[in-house]
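Undergrad: Take a look at the following structure, please.
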Ligand code: DOR
Ligand code: ZN
Ligand code: ZN
């Protein structure tokens, strides 16, 4: 048996409110526990999106009643909500900037709205962004000009990780995360999947992009699932939405890579505990840990997952390393395939912990 601290996934889409048929706070957080994750940060591209006090409070009330693990909730940046968003910044996990088009209605098209958000959002609180290619370069310029930290979501390409490496070397306060599907799948794997199922944003990349991520592990601050559940009916239909479920397969995939000597236990702890805690000022969870049977090998398969959508792009992949038990605040919340936490057990990490 090996032990980990309660791991943190700073990037999940829990779909509530608005698309509870894909996921909700209970199923998504139970899935997190099954994957050894004790804190998740929920993204704001819900329906309606989380943009102000009213929409934030509505989502927070649902989470408070339903979450099985601890959580934070991001506010979304829109063209005209910089003031409204900043007003609730003390309760939010951070501010999410959608700088490239993706799933949902949030997108900051005008430079003036970028400026607005950088001017209004308090400096001590996190800003995270979906920013690919030239958009990434533009955001790094903002980080430099405003001299404030930005965190880049799901970096997927060689040129992007190398640019971030160089930015860090020159003292720009940037951090980044990589998603497991970009570490463990390439566009070649995508060709062997139905095209709708392989759709994800950022898309699966080339082998050389994937290798660059592994060669620059020290540049990657966090690993986060970008858990983005859509039903198989949607994925296999016309106009498949982008996204993979992933919150409960991330740790098993990393444990398997650990068995293959591709990364160390300490890397997992750094990227899913130490660094997220530091970057997002996440308080300690007392008496919280995850127990792993590192000898147990099994196949990942959709029907056995806790996510409502019951599929995985890693279907049939054999992994070694099973989450046996998860304890939060001294209570066993997951054991041997069963979620034991009651909906409502999870706490908002910002409540009573202002940053
Ligand atoms: O693939 C993705 N799905 N990328 C995103 O940026 C959004 C997400 C979603 O919400 O489905
Ligand atoms: Zn994104
Ligand atoms: Zn996302």
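Undergrad: Hey, residue 217 hits all of (1) within 16 Å of ligand 2 (Cβ to nearest atom); (2) surrounded by fewer than 21 Cβ atoms within 10 Å (Cβ to Cβ); (3) within 26 Å of residue 137 (Cβ to Cβ) but one; which does it fall short on?
TA: Just one mismatch for residue 217, condition (1).
Undergrad: Quick check: is even one residue across the stretch 146-158 in contact with a helix residue (DSSP H, G or I) (Cβ under 6 Å, 6 or more places away or on another chain), within 13 Å of ligand 2 (Cβ to nearest atom), within 30 Å of residue 241 (Cα to Cα) and free of Cβ contacts under 8 Å to residues at least 40 places away in the same chain?
TA: Scanning the stretch 146-158, I find no residue that is in contact with a helix residue (DSSP H, G or I) (Cβ under 6 Å, 6 or more places away or on another chain), within 13 Å of ligand 2 (Cβ to nearest atom), within 30 Å of residue 241 (Cα to Cα) and free of Cβ contacts under 8 Å to residues at least 40 places away in the same chain, so the answer is no.
Undergrad: If you don't mind, another one. What do you reckon, is residue 82 in contact with a helix residue (DSSP H, G or I) (Cβ under 6 Å, 6 or more places away or on another chain), touching a residue at least 12 places away in the same chain (Cβ under 8 Å) and more than 16 Å from ligand 2 (Cβ to nearest atom)?
TA: Considered against the rule, which asks whether it is in contact with a helix residue (DSSP H, G or I) (Cβ under 6 Å, 6 or more places away or on another chain), touching a residue at least 12 places away in the same chain (Cβ under 8 Å) and more than 16 Å from ligand 2 (Cβ to nearest atom), residue 82 comes out as yes.
Undergrad: Next up: If a residue counts only when it is over 18 Å from residue 12 (Cβ atoms), which helices (runs of 4 or more DSSP H) contained entirely in the stretch 172-247 have at least 1 such residues? Steps first, please.
TA: Working: elements: 180-184, 187-191, 195-198, 207-215, 232-236.
Qualifying helices (runs of 4 or more DSSP H): 187-191, 195-198, 207-215, 232-236.
Undergrad: From the list 237, 246, exactly one residue is within 16 Å of the chain's Cα centre (by Cα) and within 16 Å of ligand 1 (Cβ to nearest atom). Which is it?
TA: Every option except 246 fails the conditions.
Undergrad: Which of the residues belonging to the stretch 43-55 are within 11 Å of ligand 1 (Cβ to nearest atom) and within 14 Å of residue 71 (Cβ to Cβ)?
TA: Residues satisfying the conditions are 43, 44, 46.
Undergrad: On to the next question. Mind checking which residues of the stretch 265-300 are in a loop (DSSP other than H, G, I, E, B), under 21 Å from the mean Cα position of the chain (by Cα) and loosely packed, with under 15 Cβ neighbours inside 10 Å?
TA: 284
Undergrad: Given the criterion assigned to a loop (DSSP other than H, G, I, E, B) and within 16 Å of ligand 1 (Cβ to nearest atom), identify the matching residue among 93, 31, 59.
TA: 93
Undergrad: Test residue 327 against the stated conditions and say whether it is part of a strand (DSSP E or B), modelled with pLDDT of 95 or more, out of contact with any helix residue (DSSP H, G or I) (no Cβ under 8 Å at 6 or more places or on another chain) and buried (at least 18 other Cβ atoms within 10 Å of the Cβ).
TA: Answer is yes for this residue.
Undergrad: What is the number of the single condition among (1) away from ligand 2 (no atom under 16 Å from the Cβ); (2) crowded, with 22+ Cβ neighbours inside 10 Å; (3) closer than 28 Å to residue 36 by Cβ that residue 167 does not meet?
TA: Status for residue 167: all satisfied but (3).
Undergrad: So which residues in the stretch 96-137 are within 11 Å of ligand 2 (Cβ to nearest atom), in a loop (DSSP other than H, G, I, E, B) and either at pLDDT 95 or above or surrounded by fewer than 15 Cβ atoms within 10 Å (Cβ to Cβ) (or both)?
TA: If the condition is that a residue be within 11 Å of ligand 2 (Cβ to nearest atom), in a loop (DSSP other than H, G, I, E, B) and either at pLDDT 95 or above or surrounded by fewer than 15 Cβ atoms within 10 Å (Cβ to Cβ) (or both), then 99, 101, 131, 132 are the ones that fit.
Undergrad: Then there's this: Just to be sure, is residue 151 within 16 Å of ligand 3 (Cβ to nearest atom) and either in a loop (DSSP other than H, G, I, E, B) or within 24 Å of residue 252 (Cβ to Cβ) (or both)?
TA: On the way: within 16 Å of ligand 3 (Cβ to nearest atom): yes; either in a loop (DSSP other than H, G, I, E, B) or within 24 Å of residue 252 (Cβ to Cβ) (or both): no.
Spelling it out, it is not the case that residue 151 is within 16 Å of ligand 3 (Cβ to nearest atom) and either in a loop (DSSP other than H, G, I, E, B) or within 24 Å of residue 252 (Cβ to Cβ) (or both).
The values are calculated or read from the model by the stated rules, or taken from the named source; none is laboratory data. Since this is a predicted model, take the numbers as computed values, not measurements. Don't worry about glycine lacking a Cβ; one is built from the backbone with ideal geometry, like all the others, and counts go over all protein chains shown.
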